[in-house]
1. Would you calculate the separation in nanometres between label points at residue 291 and residue 435, each defined as 7 Å from the Cα along the Cα-to-beta-carbon direction?
2. Starting from a Cα-only point model with no solvent, please compute log10 I(q)/I(0) by Debye for the chain at q = 0.05, 0.09, 0.11 1/Å.
3. To the nearest 0.05, how large is the calculated FRET efficiency for residue 235 and residue 323 if R₀ is 25 Å and r is the Cβ-Cβ distance?
4. Treat the count of other C-beta atoms within 10 Å as a stand-in for reagent exposure and order 396, 141, 409 from fewest to most.
5. Ranking 56, 300 by Cβ neighbours within 10 Å, fewest first, what do you get?
6. Evaluate the distance, in nm, between pseudo-label points positioned 7 Å from the Cα of residue 32 and of residue 498 along their respective Cα→Cβ axes.
7. Let me make sure I get this right: for segment 200-239, a, b and c are the square roots of the gyration tensor eigenvalues over alpha carbons, sorted descending. Under 1.5 in a/c it's rounded, otherwise prolate if a/b > b/c, else oblate. Which is it?
8. With each run of n ≥ 4 DSSP H residues scored as -39500 (n - 2.57), what mean residue ellipticity at 222 nm is computed for the chain after dividing by its residue count and rounding to the nearest 500 deg cm²/dmol?
């Protein structure tokens, strides 16, 4: 048999061309020029690349550049693909079905729910709308993090949803949530500080009166220690909470907390259910609100990324296209519909954020003058803040991992003309440790460093496209400087946009001499 290998583009890219082909049979791949010939045993074909065992070892060959000869060469058919998803129960059930359905239907395919197996939370079929042929079987099996990782590494699963990044596995941020303290609706406690909350979770504080509430014992609820959420929370605290009652998932946790008048728990904001959120503040009383822009900018200290983990091997074409789909507005809409926070860049007017200005006034030390606050307000007037915020690795001038992602996003937005008639400002801020004038200089240096990194990442940008740099030192605190986490929140570089109708420079054409 002799076939020109490869799948058509567009919708046919979903049709994994050879899932049912003969395995480990001899084939010969011949380059289209005829000068390269590879013979061996076919190990796999995903519609785009051959995987072939040869005397040179295992090789991956692009099907577009070769002709396949031999009994195992795949036919151009559309057999069924099997997609196995594993991982965190709550996120996998809340988010993945809607995302994958939006992905399939956006390509004109049919999504149909299917009866799940005994160990599966949900299952679905993807069908050809004209022939009703099944193109893919998709199923999600809830597992603990260790089981999910083992399944990925053993080839027993293609993707895992997790709240933990794992060494050796690529972690793609799928969506964001916020960890929030919750209590029963009738509990009168007005708010809890981060310090008091940590004390209650560790078992050091045992009475609601110690949190500013009634004189009643705290009953600490939480998730079973093997769940993703419990492990993510333990990583934040440095130890596992001392629980009185544990639950298998966040839905059960929320129901139990709502019924227990003196319950306290931590859960995802998307999973509040009948429980009531307990407002969070820092140790100086600064409100810490889990708004979308605060979570995206990591101004909220308990922001929680939800990851898709992928194994260190080539994924089928269908799943690679799904991962690309996650960066689209359609994916953002599906995440918002699931009650989670999407990865898109958020924007908010600075003048509407009166809480930040109030914090600036209340938190201003003796070294922050009225002139400093006026200078800050003058730049804030008419500006919008974007959720792209930059922070550095502790004790270094290197951007941390989320900030590097933000920088790449900013470079892409500027290059695509995403800020017409607007100018960008990188506004640097510091914590309140040390001399105010030194902090202003340091904050300006940090903002300048972000601008330098941006210019290095995107050398094609014109100088007038780069943000201007401002440094305001400790004049706009996000949190109290008395804790390490508060100081880290305050050390940041924000991205602001302001109206700017200056005409763009026009390249001058050379004079034409007859």
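Only the coordinates and a few stated rules stand behind these numbers; no lab work does. No experiment lies behind these values; they were computed from the predicted model shown. A quick note on method: Cβ atoms are made from the backbone with ideal geometry, for glycine too, and the neighbour counts reach across all protein chains shown.
1. 3.6
2. Computed log10 I(q)/I(0) values: -0.26, -0.79, -1.06.
3. Details: r = 25 Å, r/R0 = 1.00.
Once rounded, the FRET efficiency stands at 0.50.
4. Values: 396 8, 141 24, 409 18.
Lowest to highest Cβ neighbour count: 396, 409, 141.
5. On the way: 56 9, 300 24.
Fewest-to-most Cβ neighbours within 10 Å comes out as 56, 300.
6. Roughly 5.5 nm, to one decimal.
7. On the way: a/c = 3.49, a/b = 2.28, b/c = 1.53.
Verdict is prolate for segment 200-239.
8. Numbers: 14 runs with 143 residues, N = 514.
One gets -8000 deg cm²/dmol as the mean residue ellipticity at 222 nm.
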